[in-house]
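The values are calculated or read from the model by the stated rules, or taken from the named source; none is laboratory data. Quick caveat, the model's predicted, so the values are computed rather than measured. Cβ placement follows ideal geometry from the backbone for every residue including glycine, while neighbour counts extend to all protein chains displayed. Quick note on the areas: whole protein, heavy atoms, side chains included, nothing else; ligands and nucleic acids left out. Shrake-Rupley method; radii C 1.70, N 1.55, O 1.52, S 1.80 Å.
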2 protein chains.
Amino acid sequence: MKIELPIQADSVGPVAPKVAQFTTPLQLRSGAVLRDYQLMYETYGELNADKSNAVLICHALNASHHVAGWYADDPKNIGWWDNMVGPGKSVDTNRFYVIGVNNIGGCHGTTGPTSTDPATGKPYGASFPIVTVEDWVAAQARLADLLGIERFCAVMGGSLGAMQAVQWTIDQPKRVAHAIVIAGAPKLSTQNIAFNEVARQAIMTDPDFHGGNYHEHGTLPRRGLRIARMIGHITYLSDDAMMERFGRVLRADDFSFHFEVDFEVESYLRYQGEKFAEYFDANTYLRITRALDYFDPAMKHGGDLSRAFKDAEAGFLVVSFTSDWRFSPARSREIVKALLDNRRDVTYAEIDAPHGHDAFLLDDPHYHELVGAYFLRLAREIEHGSKR
Amino acid sequence: MKIELPIQADSVGPVAPKVAQFTTPLQLRSGAVLRDYQLMYETYGELNADKSNAVLICHALNASHHVAGWYADDPKNIGWWDNMVGPGKSVDTNRFYVIGVNNIGGCHGTTGPTSTDPATGKPYGASFPIVTVEDWVAAQARLADLLGIERFCAVMGGSLGAMQAVQWTIDQPKRVAHAIVIAGAPKLSTQNIAFNEVARQAIMTDPDFHGGNYHEHGTLPRRGLRIARMIGHITYLSDDAMMERFGRVLRADDFSFHFEVDFEVESYLRYQGEKFAEYFDANTYLRITRALDYFDPAMKHGGDLSRAFKDAEAGFLVVSFTSDWRFSPARSREIVKALLDNRRDVTYAEIDAPHGHDAFLLDDPHYHELVGAYFLRLAREIEHGSKR
């Protein structure tokens, strides 16, 4: 008789966020210095005796340190990569010690624009510095120090998270054995920057933005955030996936001949925009999109991505999705090419998925099996004590 | 000795817009009725004796009746398709009598939301009805009546203009010999509607919009229009064309680490947005995007586009551009397929052009020669008095 496992068996279960306090000032790429900051993080699984099984998961635009499991007091708040990380899942927490961390500039508890500036006793707001992918990696490295992790078995992320994994291999080549780079790009295209800029302009021209000091004025630039999120959502989905999901389905029998919701997709976008504007901080949105724009590891090498990877030592798993038009497979292949130029160990997979950029978050069996197989290889490396 | 022709030789030269007044009420698809309206139009070339050489040109989102030539008092205001229409050009005004017309709901002199409502003596504003592609065709047909044109040699347009050309062949099959359908689509995709909806939301949530009655409040929803135009611009250009034109070129040597202009593309988009917000009417923008959303000739035939064309008699030239991701070649091929199902005479050309949707407005020699060749065929038909 087959015993059905409860749903929880596949989940890390209830988790609690942790806070890491840092008092050594962090010099940022912009020239600004961040004193006295904290990082929110979560951990799943157990660190092994020789501390060789740690996996760092970097988040993309709007996610956080809450990667897997749920909160006891908020069981519907499930981690954003819960389908990927857990006991028996692709990133198996029975084998790996997994860390999720919220980046500086964020709005989920890590020091960011909504935090209190110790110098003034008021929220940083507009005065919070611009942060970059390099800054995030530097801050994450300090968290690793605090946790006693000299070297990550893997640093992993999708989209902007993938960019952080790439930056780790460049800035901290000795501290990362493998980089898992999913739905990434070596830098934004002009079109990517253009969409970011429209989103920022929507926020910054919202009369409730007040130059970023909206908290002082008792307002929130919700209109701008709504528009920013709606634009983002379109770019996360493929044209086909939107057509498949919403088509041209009307909410009524005929057109309304007004500007309220006619098509299901309008309702969906408005809902997504509203929801986002309720919880996300506008100053954080501006900073994260700017970090995306600025990410360009080849820049200090005259645009030569191969040279950017010259000191990288990690092994790489690079994954792209066929229908992703935000960071298309061609962008991932640029990374693969640059790695091969450096004779790096790289596995590349182009997943045939219809969902667009969002595919990296979705439960595609082929994709999850692929990542799982790569992590099995890492588990064997750990078992045999092989150092890459 | 070769004599250089002055630049004007290829242009229709100075032109003047005309006004057509209509007092018979126009029943709109929405159920609303438009009384006492006017259409702005321009004509180039001469109508021949048997009135068989008339070409109607339909405009897309933000253009107007000003298709070719310039205004004596504003010589820099050159018609939007001046590279296509003129003496010796693809649509040769030495052979054809070409008409450009501004659609109802527009903001270039034709009755629209900025016009005075005779019932109130104030601008229509929000009370101006929703208009559709069918309504535009009906209004254009009345202009043809007024000009004594029983049958157009061709009805021609790009993008939304192409949709009007398609609608002509369905609603007025006896009155159009040829339809020139450039960079069109048989209906918007979900993604197309989604982009329109974000643009509309940007306008409608601008505090200066006042439910569409901004004139009464002495305001203009410029912020919303800016955002709408910026979004539009991104969808008109291909990713490659943007990369080619702007790349990731910075305005300074390094990043600014603020949110003002860093990248050239940001400057370009802001400029385009500003310019548009100065001259275009927000209520018109809402209505034209809605007309795009609602266009779907197959809808009343259970989604069967082939049946929608069952009464069409015209010959068709259908043109698409390889890099157009707004209305991709696949969308044009849907039209071609439906026409072939009806054994219609159709010429289809997919132009290898890098510019995206905007290619239909640009001076691509291959494209212009192709259209010119098709019009030469029409000229021969007229010459031989052949009725399609």
The Cα extents of the stretch B:1-129 along the principal axes, largest first and rounded to whole Å, are 65, 35, 21
In whole percent, the Cα-Cα distances of the stretch B:229-299 spread across 5 Å bins from 0 upward as 3, 13, 17, 19, 15, 14, 9, 6, 3, 1, 1
With label points set 7 Å from each Cα along the Cα-to-Cβ direction at A:Thr347 and B:Lys18, the distance between them in nm comes to 7.2 nm
Scaled by the rule-of-thumb 2.2 N^0.38 Å, the alpha carbon Rg for the stretch B:144-185 gives a ratio of 1.10
The long-range amide H neighbours of B:Gly106, using H built 1.01 Å from N in the peptide plane and a cut-off of under 5 Å, are none
Subtracting the Cα-Cα distance of A:His258 and A:Asp363 from 0.36 nm times their residue separation yields 34.0 nm
Counting Lys and Arg as +1 and Asp and Glu as -1 over every other residue whose Cβ sits under 12 Å from the Cβ of B:Arg229, the net charge comes to +3
log10 I(q)/I(0) for the protein assembly as shown, Debye formula on C-alpha points only (no solvent), q = 0.05, 0.06, 0.10 Å⁻¹, two decimals, reads -0.30, -0.43, -1.03
Given the candidates A:Gly100, B:Gly31, A:Pro297, the one whose Cα lies deepest towards the positive end of the charge dipole of the protein assembly as shown, counting +1 at each Lys or Arg C-beta and -1 at each Asp or Glu C-beta, is A:Pro297
Most fluctuating of A:Ile231, A:Ile180, A:Ile288 in the GNM of chain A (C-alpha, under 10 Å) is A:Ile231
In chain A, lysine pairs 8 or more places apart or on different chains with C-alpha atoms under 22 Å apart total 19
Sorted list, accessible surface of protein heavy atoms, 1.4 Å probe, largest first, for A:Arg142, A:Arg95 is A:Arg95, A:Arg142
Going residue by residue through the stretch B:269-279, the Karplus relation 6.51 cos²θ - 1.76 cosθ + 1.60 with θ = phi - 60° gives ³J(HN,Hα) values, rounded to whole Hz and with x marking Gly or Pro, of 5, 4, 4, 4, x, 4, 4, 4, 5, 6, 10
With +1 at each Lys and Arg Cβ and -1 at each Asp and Glu Cβ, the charge dipole magnitude of the stretch A:240-360 around its Cα centre, to the nearest 20 debye, comes out at 700 debye
Expressed in square angstrom to the nearest 10, the accessible area of B:Lys337 with a 1.4 Å probe stands at 120 Å²
By accessible area (1.4 Å), largest first, A:Tyr271, B:Tyr44 order as A:Tyr271, B:Tyr44
Computed for chain A: size of charge dipole around the Cα centre, +1 on C-beta of each Lys and Arg, -1 on C-beta of each Asp and Glu, debye to nearest 20, value 1200 debye
Placing each pseudo-label 7 Å from Cα in the direction of the beta carbon, B:Thr120 and A:Glu46 end up separated by a distance in nanometres of 7.4 nm
Output row B,A: buried area (accessible, probe 1.4 Å, summed both chains) in Å², nearest hundred, equals 5200 Å²
With the label point 7 Å along the Cα-to-beta-carbon line of A:Leu376 and a cut-off under 15 Å to each amide N, the hits in the stretch A:30-58 are none
By accessible area (1.4 Å), largest first, B:Leu220, A:Leu305, A:Leu269 order as B:Leu220, A:Leu305, A:Leu269
Taking 0.36 nm per residue of separation between B:Asp145 and B:Ser127 and subtracting their Cα-Cα distance, the length gained on full extension comes to 3.6 nm
The distance between the Cα centres of the stretch B:30-47 and the stretch B:256-308, in whole Å, is 23 Å
Out of A:Gln172, A:Gln191, A:Gln140, a Gaussian network model of chain A with alpha-carbon springs under 10 Å gives the largest mean-square fluctuation to A:Gln191
Placing one equal point scatterer on each C-alpha of the stretch B:145-251 and summing with Debye, one gets log10 I(q)/I(0) at q = 0.14, 0.20, 0.23, 0.24 Å⁻¹ equal to -0.84, -0.99, -1.09, -1.14
Simple SL model, points at 7 angstrom along Cα→Cβ for A:Ser306 and B:Asp240; separation in nm is 2.3 nm
Scoring the stretch A:106-183 by relative contact order with C-alpha pairs under 8 Å, at least six apart, yields a percentage of 23 percent
In a Gaussian network model of chain B with springs linking alpha carbons closer than 10 Å, the residue among B:Gly106, B:Gly121, B:Gly157 that fluctuates most is B:Gly121
With the 1.4 Å probe rolled over protein heavy atoms, the stretch A:209-262 has an accessible area per residue in Å² of 46 Å²
The base-10 log of I(q)/I(0) that the Debye equation returns for the stretch A:245-388 at q = 0.16, 0.20 Å⁻¹, one scatterer per C-alpha, is -1.11, -1.28
Taking a label point 7 Å from the Cα of A:Asp10 along Cα-to-Cβ, the residues of the stretch A:37-73 whose backbone nitrogen sits under 19 Å from it are A:45, A:67-71
Beyond 18 Å, the calculated P(r) of the stretch A:90-149 holds a percent of Cα-Cα pairs equal to 49 percent
Over the Cα atoms of the stretch B:102-187 the radius of gyration and the largest Cα-Cα distance (Dmax), both in Å, equal 14.4, 42
Normalised per residue, the volume inside the convex hull of the alpha-carbon atoms of chain A in Å³ amounts to 166 Å³
